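See below for the structure under consideration.
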Amino acid sequence: MHSTVPMKARDIAPGRWPLILADVGIDPAFLDKKEGPCPMCGGSTRFFFDNKDQKGTFCCRYCGAGDGFKLMQLFGNMDFAQAARWIEDWYGGQSVEVRTRVVPRPVESDGLTPEKIILNKAKHKTLWEASHPVVEGDPVWKYLHNRIPGFNRGMLSNMIRIHPNLPYYQTTAGVTKKLGHHPAMISMILAPDGSCQDIHRTYLTENGEKAPYDDVKKTLATIGVKGGAIRLVKPIGNVLAVAEGIETAYAVMLFKNLPCWATVNTSGMKNFIVPEGIKYLYIFADNDLPNRYGVRAGFDAAQKLKKSSIEKGIIVKEHAPTRAGNDMLDLLVGLKRN
Ligand SMILES: [Zn+2]
């Protein structure tokens, strides 16, 4: 469970080094205690990881020797303080492993009229059909590429499209105004049954920056169905990860090598229904700052999803930055940014 007193890296790390080093991106094949190639400088037999006294110790004939902190610093190109901070942020949240079995809850309804649902479904279809696949160099590509170091063509999803020129509307005091036209990332949120639940929009500039408005991320129109997500990839076996944002979900795939879906927002995270066949769910939660009522919406939503999933017999592992206000996307790309 989450502790109110963050643990120090020196207390967290002992006994956990193989896990930590794998989590920062070192292939576990390097950590098998046999002589082999070095994760930093290559070769074939110059490196071994012996984890002496559970201190994560290693030796490379070229890079030198040291403990797990030293290995993290060399591999991640960071100083001790950055390595320690990374461990505290990553593990301070504590991963949890529990197992129980209860019947899933039905999806709630929003009390929409049948006419309104038909109208909103038509809105989804119209916008989706006015968009087209993302290609290298277009504003959506630039945006994802800017936000996620290492984003590549193989990661493009057919659930993400681009609209070249989408009008942006803002409603202030009951008056709706069109403020401009922008390229937009258009994403399909699939309901648990695989049908379209809603369309998500992220308004951008031609250069792949966020458009200059307060609220550049919007869903389109509800049809009263909940529990869905943007399915960026197919799950691998019985493992699935979820994050709120598309950007964070991509970072999870790139840096954690886990198939990850985006629930879009806190409401989507809270209500997400884990598909049949998934046995292990990784939740990558945003540890947001409390609002003026003291509510940490992202954190609370992840806790709700954790609870509902455990009730279905799913094994849940949760990652959240320890400090409120720290962003999961920043934490994931932190290593690559140095
Ligand atoms: Zn080396």
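So here's what we get for this one:
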| read-out | value |
| --- | --- |
| Residues Asp286, Asp11 arranged by fewest to most Cβ contacts within 10 Å | Asp11, Asp286 |
| Gyration tensor verdict on segment 140-256 (Cα atoms; rounded if a/c is under 1.5, prolate if a/b is larger than b/c, oblate otherwise) | oblate |
| Within the chain: Cβ-based charge dipole about Cα centre, in debye rounded to nearest 20 (Lys, Arg +1; Asp, Glu -1) | 280 debye |
| Cut-off under 5 Å, modelled amide H: who pairs with Gly43 long-range | Cys38 |
| Antiparallel DSSP beta bridges within the chain, as percent of all bridges there, nearest 5 | 75 percent |
| Cβ-based exposure ranking for Arg147, Arg10, Arg16, in which fewest neighbours within 10 Å come first | Arg10, Arg16, Arg147 |
| Reach of Lys317 by Cα under 16 Å, taken over lysines that are not fewer than 8 positions away in the same chain | Lys256, Lys270, Lys279, Lys304, Lys306, Lys307 |
| Residue exposure sequence - Cys38, Cys260 - by fewest surrounding Cβ within 10 Å | Cys38, Cys260 |
| Gain on full stretching of the segment that runs from Glu136 to Ala29 - 0.36 nm per residue minus C-alpha separation | 35.2 nm |
| Antiparallel bridges, percent of DSSP beta bridges restricted to segment 192-263 (to nearest 5) | 65 percent |
| Extension gain from Arg153 to Cys41, taking 0.36 nm per residue of separation minus the Cα-Cα distance | 37.6 nm |
| Note, ³J(HN,Hα) from phi for segment 82-89, Karplus 6.51, -1.76, 1.60, rounded to Hz, x at Gly and Pro | 5, 5, 5, 4, 4, 4, 5, 5 |
| Cβ-derived FRET efficiency at R0 45 Å, Cys196 paired with Tyr293, nearest 0.05 | 0.85 |
| Extension gain from Glu276 to Asp11, taking 0.36 nm per residue of separation minus the Cα-Cα distance | 91.6 nm |
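Each reported figure results from applying straightforward, stated rules to the coordinates on display, with no laboratory input. All values derive from a computational prediction rather than experimental measurement. Quick reminder, even Gly has a Cβ in these numbers, built from the backbone with ideal geometry, and neighbours come from all protein chains shown.
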